[in-house]
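Single-structure report; data block below.
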Amino acid sequence: SNADDLGLTQFQGFWIPSRSVPTSSIIAFQKNFQALDDDIIVVSKPKSGTTWLKALVFSIVNRHHYTFSNTPLNSTNPHLLVPYLVIHLYKKNPNPDLSTISSPRLFSTHLPYPMLADSIKMEDYFEMFCRGEEGYGPFWDHALGFNNLKDLEVYKTGKNPGSIIPNNKLFFRSGKVGDYVNHLSPTAVEHLSNILEEKLSGSGLTF
């Protein structure tokens, strides 16, 4: 099958690239990983800017330890500085000793939320988020402040020299639900709509 050709294995309800991520390492991680309160874990989809995000997180956490000239990022890949829990650590050892890593520990994973170790899951923080009790929160006030930037003249006219973006106003898109229908062909819209209806049926999510 195409999934086999791509090295994908159905596991715990998700397609896993098992050539690089053995299911045994996922099980070991789920069983043995114990999160600390100050752990920082970068959770992302593959090819969604993970490398840049890791570099940013490492730089922020270590901003008082290194300068631009001596940061390890000048000579070490961000994926080694913020190691993958399943792809690296629990693949090499089903129960690695993580106690020697200084706090805050930096880790990363591509695993979806339901597959994370129980000690990582964040149900206890939901009400805190709703009350706005988070770093630089409340989120909505933070977002509204930046949203007001779109009203500045510099973001309504002109273009950045050398930019592939045709004009500055495109940096602030409409963000309207369903706006994709105005950018895809009718055939593509119908195909995507059928997939969304099938996959999200009963979830309460709508597009």
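The values are calculated or read from the model by the stated rules, or taken from the named source; none is laboratory data. Model, not experiment: these values are computed from the prediction. Glycine gets a Cβ as well: all are built from the backbone with ideal geometry, and neighbour counts include every protein chain shown. These accessible areas exclude ligands, DNA and RNA; they are computed on the full protein's heavy atoms, side chains included. Shrake-Rupley method; radii C 1.70, N 1.55, O 1.52, S 1.80 Å.
Descriptive notes on the structure:
- Exactly one residue out of Leu170, Leu144, Leu196 is surrounded by 10 or more Cβ atoms within 10 Å (Cβ to Cβ), out of contact with any strand residue (DSSP E or B) (no Cβ under 9 Å at 6 or more places or on another chain) and modelled with pLDDT under 80: that is Leu170.
- Residues that are in contact (Cβ under 8 Å) with a residue 40 or more places away in the chain and touching a Leu at 6+ places or on another chain (Cβ under 6 Å) were ranked within region 1-41; the one that is farthest from Leu106 (Cα to Cα) is Phe29.
- Selection from region 122-135 of residues that are assigned to a loop (DSSP other than H, G, I, E, B) and charged (D, E, K, R): Arg131, Glu133, Glu134
- Residues of region 23-32 classified as out of contact with any strand residue (DSSP E or B) (no Cβ under 6 Å at 6 or more places or on another chain) and open to solvent by 40 Å² or more (accessible area, probe 1.4 Å), total: 5
- Some residue of region 42-52 being in contact (Cβ under 8 Å) with a residue 60 or more places away in the chain, open to solvent by 50 Å² or more (accessible area, probe 1.4 Å) and out of contact with any strand residue (DSSP E or B) (no Cβ under 8 Å at 6 or more places or on another chain): yes
- Filter result (of a type outside the set (A, V, I, L, M, F, W, C) and either closer than 18 Å to Ala55 by Cβ or open to solvent by 20 Å² or more (accessible area, probe 1.4 Å) (or both)) within region 83-95: Pro83, Tyr84, His88, Lys91, Lys92, Asn93, Pro94, Asn95
- Only one of Ser108, Ser103, Ser69, Ser99 that is more than 16 Å from the chain's Cα centre (by Cα) and within 22 Å of Gln30 (Cβ to Cβ): Ser99
- Within region 173-193, tally of residues that are assigned to a helix (DSSP H, G or I) and modelled with pLDDT under 85: 4
- The listed residue being surrounded by 11 or more Cβ atoms within 10 Å (Cβ to Cβ), aromatic (Phe, Trp, Tyr), closer than 30 Å to Pro83 by Cα and modelled with pLDDT of 90 or more, out of Phe107, Phe129: Phe107
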